[in-house]
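Every read-out reported here was derived from the displayed coordinates using simple, explicitly stated rules and does not represent laboratory data. Predicted model, so just to flag it, every value in this text is computed and none were measured. Positions of Cβ are generated from backbone atoms using ideal geometry, with glycine treated the same way; all protein chains shown enter the neighbour counts.
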Amino acid sequence: MKRILSLLLVLVLVSMVIPGLAQMKEFTYVVPAGVESLEHSPFRITIKLLEKEGYTMNFQDAYGTTDMKLVATNQAQFAGPGPLLILSAIQEGLPIKVIFAYDAINIWGMGVLSDSPIQTFEDMVGAQEKYGRKLTVALGDAAWESLVTPTLIAAGVDIENDIEFVVAGDNRYVQVAEGKLDMLFTWPGELWQLQGQDYDFVYIDGHEVLQTNSNPLITSDYLIENEPELVQAFVTAMQKSVYFVHYNSEAAAAFMADALPHIEVTWKAAKYIQEGRKYQMFGKPGSETEARVLSKIGYNWEDGWKLNVQAALDSGIITEEIPLEKIYTNQFIRDDLDYSEVEAMADAIDIEAISARYPAD
């Protein structure tokens, strides 16, 4: 209770020192990893779209749960944390709300070498009996354990007896590629990039065992109430940007190559990165999930969030059920958007000229 009261006091003080918030035209999105990533195509496209409307969007790095705290206190306006971290924060009283379903599927899975004996979640079950030891999972950060745990539980994996989590840092994939660790905790955007860089990984898809949604976009209750025009502009631009990547992922690769020309990458890897990004936002091409997301890009579906709440309860991340209306709102999602602007934007990109600057493989 003391934490909640302290936070509310901070919010009051922050609101007092931000004059003219109703005229806010510059805002910050908090990135949970490096800001200069080719995977951030929808946000880079959103920056371009919002510039035409007079908005300036900035990126800021943040790790752990710092992003949610920055948003809750209006030091930043938007972020994209994991859903279970969001649920934990809401239970603790953080005044935040989900406004956009960004990664609309369960993106948390495992990357393994193509010749690994572990090719499915079933292969992980009873690891000590099958392999004589626990299976090691490479994490980039200790907090990532909470992201993958619900998927493993849903697959029937005994976390205590089958799995050993190892914090292996930014180059954790190298240790898996070298056979030092068994599995790479990963997601399509990263795994597809590694495949594009010729790492011999295959993906074990978490969405096949737990059909939740993953990282959505959040803002503060304060901003929803006091700056709805800004929230609407951001959400609408994100709807268009996500559609852009689906419409032509190769154009998205060219857009990002132009936006971040100093990043050394092959054209194959650049394309794979955008294919992975599209997979995270829409699911498997041709699937029912893809069709549903396309019908209302950014929409928060009740069934996915109910599963997230149950997963958080089962894993002990929250201690009581949270009403859905406290978690998300769809009030800013439009289902009448004209996407011809972004289609024309994608069609106008000279993919051939941009791709020629990069080695093919």
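Summary table below
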{"item": "Kyte-Doolittle mean at least -1.0, axial Cα span of 20 Å or more - DSSP H helices of the chain", "result": "2-16, 228-247"}
{"item": "Candidates per GluC sites (Glu not before Pro) in segment 305-348, loop by DSSP, up to 11 other Cβ within 10 Å", "result": "GLU320"}
{"item": "Among beta bridges that DSSP assigns inside the chain, antiparallel share in %, nearest 5", "result": "45 percent"}
{"item": "Inter-label distance, nm, simple model (7 Å from Cα along the C-beta direction), LEU294/LYS52", "result": "2.3 nm"}
{"item": "Cβ charges +1 (Lys, Arg) and -1 (Asp, Glu), total dipole of segment 23-100, debye", "result": "200 debye"}
{"item": "C-alpha center-to-center spacing [segment 142-160, segment 200-254] in angstrom", "result": "24 Å"}
{"item": "Gain in span if fully extended, LYS326 to ALA143, counting 0.36 nm per residue against the direct Cα distance", "result": "63.5 nm"}
{"item": "Net +/- balance of residues flanking LYS25 in space, Cβ distance below 13 Å, scoring K and R +1, D and E -1", "result": "-4"}
{"item": "Sum of -39500 (n - 2.57) over DSSP H runs of 4+, divided by residues of the chain (222 nm, nearest 500)", "result": "-13000 deg cm²/dmol"}
{"item": "Normalised contact order of the chain, rounded percent, pairs of Cα under 8 Å and 6 or more residues apart", "result": "24 percent"}
{"item": "Unit charges on C-beta of K, R, D, E only; dipole of segment 109-208, Debye", "result": "160 debye"}
{"item": "Selection of GluC sites (Glu not before Pro), segment 176-214, meeting DSSP coil and at most 14 other Cβ within 10 Å", "result": "GLU178"}
{"item": "Theoretical gain in end-to-end length, ALA348 to GLN128 [0.36 nm per residue, Cα-Cα removed]", "result": "73.7 nm"}
{"item": "Overall form of segment 114-164 per C-alpha gyration tensor (a/c, 1.5; a/b vs b/c)", "result": "prolate"}
{"item": "Nearest-0.05 FRET efficiency for GLU264 and ASP338, computed from C-beta distance (R0 41 Å)", "result": "0.65"}
{"item": "Only Lys, Arg (+1) and Asp, Glu (-1) charged, at Cβ; the chain dipole about Cα centre in debye", "result": "720 debye"}
